[in-house]
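To start, the structure under review is shown below, and the notes come after it.
The values are calculated or read from the model by the stated rules, or taken from the named source; none is laboratory data. Keep in mind that what you see is a predicted model, and the values were worked out from it rather than measured. In this analysis, Cβ positions are derived from the backbone assuming ideal geometry, glycine residues included, and neighbour counts consider all displayed protein chains. Ligands, DNA and RNA are stripped out before the accessible areas are found, and what is left, the full protein with its side chains, is counted by its heavy atoms. Shrake-Rupley method; radii C 1.70, N 1.55, O 1.52, S 1.80 Å.
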Amino acid sequence: MTNKSANQMWGGRFSAGVDAIMEAINASISFDQRLAAQDIEGSRAHAAMLAATGIITDSDAEAIREGLLTVLSEIEGGAFEFSAALEDIHMNVEARLKDLIGEPAGRLHTARSRNDQVALDFRMWVRDQADAAISGIEALQRALLSQAEIGADWVMPGFTHLQTAQPVTWGHHMMAYVEMLGRDAARFRDARVRMNESPLGAAALAGTSFPIDREMTAQALRFDRPMANSLDAVADRDFALEFLGAASICAMHLSRLAEELVIWSSAQFRFVTLSDSFSTGSSIMPQKKNPDAAELIRAKVARIFGAQTALLIVMKGLPLTYSKDMQEDKEQTFDAADNLMLALAAMEGMVRDMTGNRDQLAAAAGSGFSTATDLADWLVRVLGLPFREAHHITGSLVALAEQKGCDLPDLSLEDMKSVHDGITGNVFDVLTVENSVASRISYGGTAPSCVHAQVARWKETLG
């Protein structure tokens with residue numbers, strides 16, 4: 001079946017109607033209507049510039065401005081009827097503007113193409129999302145800072161290979177994620193600087209013969225400058241790829257924290273208790289309290305990673321400048337941005353509401369011979385042994401403790417002397433987890449004093 005009403009926005013080149021299947025594959029209004037606010041803001045700036053440069057009259061520009069405000073009000077109020085026959089947000093807005101103000105609407109597109117128009121709208125939308133991501137990251141950082149401050153001196157096991165390695169503090173562990181998220185925010189800020197150039201005025205691909213003022217529209221739309229090459233301006237989607245790259249790394253960090261919360265909240269660990277707000281029960285097992293929010297965050301990462309990969313594949317084989325393939329840039333990016341913001345908000349809520357179980361953390365901190373490195377360091381520092389010899393002696397003492405079914409602090413002095421006669425009773429001072437973490441005062445270390453210093457630094461940074 002054929003749709004007999006040709007799309008008049010294409011002009012006189014096409015006389016036949018658009019087949020229904022072609023309309024379905026060609027239309028993007030089902031998703032790019034999300035660009036309505038950016039599209040209308042860009043059109044208002046363009047119209048104001050056209051009037052300022054004498055390309056259109058002030059009266060036409062005023063009619064366009066008022067008409068666009070009416071269209072925006074209709075869209076925001078839910079009264080606007082989007083049409084798939086009009087393909088995209090740009091044509092839907094322009095068609096409605098023509099209904100409202102008549103002939104002046106046809107002058108809005110002077111010195112502009114849908115190519116630079118969509119590049120502008122999408123770039124502005126991604127810029128807004130970068131700002132939103134930074135805000136979401138900072139909210140999560142503040143929640144982690146609160147946890148770090150509460151537990152600056154709580155001892156817990158630090159892990160390598162998910163095996164007990166050395167004791168650390170709860171606050172130090174929380175601050176590790178604050179640092180990761182700080183890099184994430186920096187990546188979004190860095191990408192934002194590069195994306196903050198305006199493609200408007202590049203027109204279809206070659207610029208325009210009209211005496212436009214690209215600096216004026218760039219300034220009106222809060223860009224640092226116009227893009228310097230018209231071909232690049234309409235062909236570039238690096239800004240979306242950089243956003244997705246930053247989103248992917250951030251999502252990976254969220255997934256790592258989510259994985260730890262899944263493990264820590266299990267009956268086998270009991271390091272944390274998640275609030276009921278971010279947990280669910282079982283339909284059959286009444287004792288269950290499932291960390292579903294954390295698990296879903298862990299899964300959301302796949303969608304964000306997938307969006308970046310999909311857009312890279314879309315762009316990799318495209319010659320300059322615009323190809324219709326690039327219509328596939330938006331759905332992926334929209335979905336990734338939505339899921340990143342949801343994951344950030346959910347993680348912020350979980351971290352804010354969770355309770356660290358101090359006693360369980362402390363009990364686990366002292367298990368698994370976690371102060372073995374402290375013993376080796378003591379042998380080097382006090383007895384002057386080479387570290388490799390100290391390492392060997394400590395390993396022998398660990399083996400002895402295993403034979404006796406106890407931990408290192410539970411060995412007698414006689415037991416220790418049986419391995420090395422130079423060991424004295426002072427060695428027991430370094431074998432407590434509290435003394436172990438307190439001794440780690442090197443910059444970036446786990447000592448409570450270091451944690452408090454880093455919390456203070458980040459509080460000042462975040463304001």
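Data table
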{"quantity": "Where a residue in region 238-253 is closer than 21 Å to MET174 by Cα and its partner, wherever it lies, is modelled with pLDDT under 95 and open to solvent by less than 30 Å² (accessible area, probe 1.4 Å), with Cβ under 7 Å and at least six apart", "calculated": "ALA251/VAL301; MET252/VAL301"}
{"quantity": "Meets criteria (open to solvent by less than 60 Å² (accessible area, probe 1.4 Å) and over 30 Å from ALA36 (Cα atoms)) for LEU361", "calculated": "yes"}
{"quantity": "Lone unmet requirement of (1) open to solvent by less than 40 Å² (accessible area, probe 1.4 Å); (2) at positive phi for GLY78", "calculated": "(1)"}
{"quantity": "Of all residues making up region 154-196, the number that are of a type outside the set (Ser, Thr, Tyr), open to solvent by 50 Å² or more (accessible area, probe 1.4 Å) and outside any helix (DSSP H, G or I)", "calculated": "5"}
{"quantity": "Condition check for PHE334: among the hydrophobic types (A, V, I, L, M, F, W, C) and at pLDDT 95 or above", "calculated": "yes"}
{"quantity": "Conditions (1) over 24 Å from TRP125 (Cβ atoms); (2) modelled with pLDDT of 95 or more; (3) surrounded by 15 or more Cβ atoms within 10 Å (Cβ to Cβ): number failed by CYS250", "calculated": "(1)"}
{"quantity": "One residue from THR355, THR373, THR333 being hydroxyl-bearing (Ser, Thr, Tyr) and crowded, with 22+ Cβ neighbours inside 10 Å", "calculated": "THR333"}
{"quantity": "Residues satisfying the stated conditions in region 424-463, i.e. under 26 Å from SER135 (Cα atoms) and of a type in the set (A, V, I, L, M, F, W, C)", "calculated": "VAL451, ALA453, VAL455, ALA456, TRP458, LEU462"}
{"quantity": "Of all residues in region 15-58 being farther than 30 Å from MET216 by Cα and free of Cβ contacts under 8 Å to residues at least 40 places away in the same chain, the one that is surrounded by the most Cβ atoms within 10 Å (Cβ to Cβ)", "calculated": "GLY17"}
{"quantity": "Selection from region 430-461 of residues that are open to solvent by 60 Å² or more (accessible area, probe 1.4 Å) and farther than 21 Å from MET180 by Cβ", "calculated": "GLU434, ASN435, SER439, ILE441, SER449"}
{"quantity": "Residue match in region 433-452 (condition: over 46 Å from the mean Cα position of the chain (by Cα) and not acidic (Asp, Glu))", "calculated": "no"}
